[in-house]
1. What is the chain's relative contact order, in percent, from Cα pairs under 8 angstrom and six or more apart in sequence?
2. Given Cα pairs under 8 Å that are at least 6 residues apart, what percent is the relative contact order of the stretch 13-73?
3. Mind jotting down the distance between the C-alpha centroids of the stretch 142-191 and the stretch 64-135, whole Å?
4. Run the quick spin-label model on ARG106 and ARG70: label points 7 Å from Cα toward the beta carbon, then report their separation in nm to one decimal.
5. When a/c reaches 1.5 or more, the comparison of a/b and b/c decides; with that in mind, is the stretch 13-73 rounded, prolate or oblate per its Cα gyration tensor?
6. Report the full-extension gain for the segment ALA183 to LEU159: residue separation times 0.36 nm, less the Cα-Cα distance, to one decimal in nm.
7. Per-residue HN-Hα couplings for the stretch 59-72, Karplus 6.51 cos²θ - 1.76 cosθ + 1.60 at θ = phi - 60°, whole Hz, x for Gly and Pro?
8. Which of rounded, prolate, oblate describes the stretch 23-107, given a ≥ b ≥ c as roots of the alpha-carbon gyration tensor eigenvalues and a/c under 1.5 marking rounded, otherwise prolate only if a/b is larger than b/c?
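Bear in mind that the values in this text are calculations on the coordinates, not laboratory data. These figures come from a predicted structure and were not determined experimentally. Here the Cβ is made from the backbone with ideal geometry for all residues, glycine too, and neighbour counts use every protein chain on show.
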Amino acid sequence: MARKGLIEPAERLSDKVYAKLREEIDSGTIAAGQRLVEVEVAGRYGVSRTPVREALIRLAREGALEPAERGFALPSDDHLAMRERLEARRLLDVALARAAAAAIVRGDVDTAPLDAELRRAASAHAQGRARAFANAHHALRAAIRAIAGNRLLARCGELVDDSFRLGREQLYRVAGNREATLAADRALVAALLAGDADAAQAETLAFIARVESHAAPAN
């Protein structure tokens, strides 16, 4: 019987290590600032260092990790990093929102996930479950990227969006932040379902401006 937490050998072991690390990053098991060193991760999972190295490099290329002393760590959340991420989101999210609205007008996409994730977010908000709310918000954004239909653009958006995941749970422990985000998400989805690209762009920019204002350093 395998020990708890270990990964059984398989043909694509690096994929399983990647998936396990992804799960731990998304769940908050791996904390901000925590270093991930090849030999330590390999020992924890019961695998060799090679698949761990491949998985860590893959996560770094995706922006989920950044190089650190003797290994990797979760990206920093300083004001400069936040500003850079928001600038990227301003470009990508607008393009994705407009593309999603256009796809909905064409009528060749499944919009059911939009309503499903909004309901999931509303339920999590009502129950005060910050992590579940953050996950639903993240899933809603993934659904919009899928509807947009541009795989490369969606991939770029996903890379930037992943860099926000760590701070979301802490942010959404405050009920007011959940309420504001839920209202913004509902407004964006309404614009998308109406096929109104201009309104979807406006809602996207308004939400990013609110995030930017919240993240601005105090004078």
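1. On the way: 253 pairs, mean separation 49.4, N = 219.
It comes to 23 percent, rounded to a whole number.
2. Details: 53 pairs, mean separation 25.6, N = 61.
After rounding, I find 42 percent.
3. Result: 3 Å between the Cα centres.
4. Rounded to a tenth, the inter-label distance reads 5.2 nm.
5. Working: a/c = 1.32, a/b = 1.21, b/c = 1.09.
Because its axes are fairly even, with a/c under 1.5, the stretch 13-73 counts as rounded.
6. Details: separation 24, 0.36 × 24 = 8.64 nm, distance 2.44 nm.
Here the answer is 6.2 nm.
7. Ordered by residue, 3J(HN,Hα) equals 5, 5, 5, 7, x, 6, 10, 9, x, 9, 4, 6, x, 9 Hz.
8. Values: a/c = 3.15, a/b = 1.92, b/c = 1.64.
In terms of gyration-tensor shape, prolate.
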